[in-house]
Structure formats: C-alpha cells, structure tokens
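K.L.:
This is the structure I want to talk about, given as structure tokens.
The values are calculated or read from the model by the stated rules, or taken from the named source; none is laboratory data. Computed from a predicted structure; not experimentally measured. A quick note on method: Cβ atoms are made from the backbone with ideal geometry, for glycine too, and the neighbour counts reach across all protein chains shown.
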Amino acid sequence: MSNTSQDQQLLDYQLKLGQALRSIAAIDTIDVAPTPRTLIYQQDKLRLYHYKGKAVTSGQPPLLICYALVNRPYILDLDSERSFIAHLLQHRSDIYLIDWGYPDALDYALDLDDYINDYLDHCVEATQTHCDHDSVDLLGICQGGTLSLCYTALHPKKIRKLITMVTPVDFNTSDNLLSHLAEKIDISALSRAYGNIPGQILNGLFSSLMPARLGIHKAIQAPARMQTPQQALSYLRMERWINDCPDQAGMAFEQFIRTFFQQNGFINDCVSIGEERACLKQITQPLLNIFASQDHLVPPSASRPLKELSGSADYTEIEVNSGHIGLFVSGKVNQQLCQQIDHWLKS
C-alpha cells in the first residue's frame, strides 16, 4: 500500500472519529427499556414486571420470560426499533419478565434451590394470580433457559408450554469455547477469594472468547458506527448493556459452574436442585427450542441434544441465522421470530 493511500485512510479515520465525538456530545442520556411496564411483584433484589399488549389472546396462558442471571434483561427491550418484547406484544396480551436485580454481599449464600424453587416459583405463582390462570407458558433465555428446564422438570403442573432460546444443554461440546474455559476454573478458590463473583471478571471472560473481534476490530470500527447522534445512541445502548454485568451470588454461581460446566449435569443426569433431582425426561410439555447458527457462546451443538434428552413427544426446534445477541437486537430477525413463537404457542 502506498504512503498516499495510508495517509488518506488515516485522514478518513480522523474525520470519522471527529464526527463520532460530536455525535456523542449531542446525547443527553443513554436510555433503555422504553416499553411501558408495571411492577407486580418483588422479593429481595428480584422484580417481576407485566407488559400489556393489544392483541387478544383469550384463553391463552400468560408468557413468563426468565432471563439469565449474568446479564441484564433490558437487552430484550433495548430501544423501540429493536425490542424483542415490543414485537412479542404485537401478538400477545400479557407478558411477564423477571429482573433478577443486582446481588450484593447479603446474597452470597443463595444457591440454585433459592433461585429455582423460591424466586422463580414465586414469580410463576404471582403471574398465575395476576392473570387469573392456573398455568403459564415459560420462555427461558440462555442461562435462564437452563434454570427454566430445571424448574419445569420439578414443577411440571405449573407450566403448559416451554420455550428455550440459546440455551445450553450439553455443556461439553468441542466447539463450546466458554465450556473449555469454565471447566478449568477453580470455582471454590474464586468464591473464597471474592465472595460474590464480580461482574467485571465475567465480562472480561466473555470478551476473551473473541479477543480480535470484540477488542481491536470493534475499537477500530466504532467511529464509523457513530456518525449521527442516533447511531451513537444505538451503539452506546449496546455498550451500556455489555458492561452492565451484575455480580453473581457466590454459592449459586459455584453450584452452576460445577453442576453444568464441570459435571455436564444434563448429559450425565446428575442435576440436583435442593433435595430433588431435575431430570430432563420429566419434561413432557410441548417444547420449542430456538438456537442461533452463529452463536459463539451457546453453539447449536450445545442446544440440539435437548430433543433426545427431554421427555417431550411434541418437540420443535428453530435454527436462526444469527449470533447470540442478534436474536434480540436485530429488528428484522426478532420480528420474524416473535411471529413464529406466537404461532407455536397458539397451535
């Protein structure tokens, strides 16, 4: 490459960087979660929200969304143009969302029994009461899907249909980079050292899976993606979510890593929650399993085994040409996906 070409590229980059800085300066606040909602239940750090849609789904159970513990659920409602929840509300009359909140030192001793048989169970009951229905449809996302699988196995009468999205089932596939890292962690030492596991450590772990793409390449491309205030706001909303990783309750995180990543609990049928065993064969409800073909956190090979491991005779799976987060922040992708989800729930 000639020096002239290099000089021109450098000049172009400087111009884009200057415009990006002006775009950022025009932003007052980085707002998220624009869809109206109502708080209907709270317990400790947990909050349960209700979204009211305009669609008429009389006789249909409400849809309860269980998101992961390690990230914030507003990725499902990042802005009005790419809101998974808003697109769902075009088809559903009642949607409920669990916000796990931010654990602190008082929550260190919480374990998976607390999260599944206490918190999640109370959210299911609060949803049933609020909507006056004796069962709910449960949608579990990522780690929240793993919790939802355990819950449905233990409380089958309360769940009519189960949906899992980008949910790991086999935690030891050869293409699962996160699994290769997690299985080497001395989780007991980490818990002893920190108590609750700092969210910054987890964020660094996720970024390390694709260091070039999520580090150098991302930084170089950032100015070009913020040439207008609206583009900058869209970019910064995503950055806010990426860096908003709650600390994790020490005992629950330790149990999750050991049970699922290190013992591959679903595959080896050794998942115990409290005093009960959670076996996927206990799940006989209609089951919809959604995964992303380009997912680097939960590759399709980690999700597909659910078909053989569950006890459902009514199993459907959808593979979406997307990445892990693209399912929820690509307006075109999640709009089509929400139509498929609604069709499946009504079928």
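K.L.:
Of these, Gln42, Gln9, which one is polar (S, T, N, Q) and either in contact (Cβ under 8 Å) with a residue 40 or more places away in the chain or within 26 Å of Tyr235 (Cβ to Cβ) (or both)?
P.N.:
Values: Gln42 fails: either in contact (Cβ under 8 Å) with a residue 40 or more places away in the chain or within 26 Å of Tyr235 (Cβ to Cβ) (or both).
Testing whether each residue is polar (S, T, N, Q) and either in contact (Cβ under 8 Å) with a residue 40 or more places away in the chain or within 26 Å of Tyr235 (Cβ to Cβ) (or both) leaves just Gln9.
K.L.:
Next question. Does any residue in region 205-217 that is within 11 Å of Leu178 (Cα to Cα) come within less than 6 Å, Cβ to Cβ, of a residue that is among the hydrophobic types (A, V, I, L, M, F, W, C) and in a helix (DSSP H, G or I) six or more places away or on a different chain, and which pairs are these?
P.N.:
Going by the 6 Å Cβ cut-off, the qualifying pairs are Ser207/Leu214; Leu209/Leu177.
K.L.:
Out of the residues in region 282-309 that are farther than 20 Å from Leu177 by Cα and without any contact (Cβ under 8 Å) to a residue 60 or more places away in the chain, state the one that is surrounded by the most Cβ atoms within 10 Å (Cβ to Cβ).
P.N.:
Only one residue tops the list, namely Lys307.
K.L.:
May I pose another question? Taking the stated definitions as given, is Cys270 of a type outside the set (D, E, K, R), within 24 Å of Ser83 (Cβ to Cβ) and touching a helix residue (DSSP H, G or I) at 6+ places or on another chain (Cβ under 8 Å)? Quick ask: steps written out before the conclusion?
P.N.:
Details: of a type outside the set (D, E, K, R): yes; within 24 Å of Ser83 (Cβ to Cβ): no; touching a helix residue (DSSP H, G or I) at 6+ places or on another chain (Cβ under 8 Å): yes.
So Cys270 does not fit the description; no.
K.L.:
Looking only at region 214-242, count how many residues are within 19 Å of the chain's Cα centre (by Cα), at pLDDT below 80 and surrounded by fewer than 14 Cβ atoms within 10 Å (Cβ to Cβ).
P.N.:
0
K.L.:
Tally time: how many residues in region 185-213 are among the aliphatic types (A, V, I, L, M), part of a helix (DSSP H, G or I), under 22 Å from Arg72 (Cα atoms) and at pLDDT 85 or above?
P.N.:
Selection size over region 185-213: 2.
K.L.:
Could I ask something else about it? Out of region 205-237, which residues are small (Gly, Ala, Ser) and under 14 Å from Gln19 (Cβ atoms)?
P.N.:
Within region 205-237, the first condition is being small (Gly, Ala, Ser), and the residues that meet it are 207-208, 212, 215, 219, 222, 224, 232, 234.
Correct list: Ala222, Ala224, Ala232.
Okay, residues lined up against (1) crowded, with 21+ Cβ neighbours inside 10 Å; (2) assigned to a loop (DSSP other than H, G, I, E, B); (3) modelled with pLDDT under 95; (4) out of contact with any His (no Cβ under 7 Å at 6 or more places or on another chain):
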| site | (1), (2), (3), (4) |
| --- | --- |
| Met251 | no, no, no, yes |
| Phe256 | yes, no, no, yes |
| Thr259 | yes, no, no, yes |
| Asn264 | no, yes, no, yes |
| Asn268 | no, yes, no, yes |
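K.L.:
Among the strands (runs of 3 or more DSSP E) contained in region 1-120, which hold 3 or more residues that are surrounded by fewer than 21 Cβ atoms within 10 Å (Cβ to Cβ)?
P.N.:
38-43, 46-52
K.L.:
Here's something else I'd like to know. Checking Tyr108 against (1) hydroxyl-bearing (Ser, Thr, Tyr); (2) over 30 Å from Ser347 (Cα atoms); (3) at pLDDT below 95: exactly one of these is not met. Which one?
P.N.:
So Tyr108 meets the others, but not (3).
K.L.:
For region 153-181, give me the residue count where each residue is over 18 Å from the mean Cα position of the chain (by Cα) and either closer than 23 Å to Phe328 by Cβ or of a type in the set (S, T, N, Q) (or both). If you could, list the steps in order and put the result at the bottom.
P.N.:
We begin by selecting, within region 153-181, every residue over 18 Å from the mean Cα position of the chain (by Cα); these are 153-161, 172-175, 180-181.
Narrowing the set further to residues that are either closer than 23 Å to Phe328 by Cβ or of a type in the set (S, T, N, Q) (or both) leaves 159, 161, 172-175.
Number of matching residues: 6.
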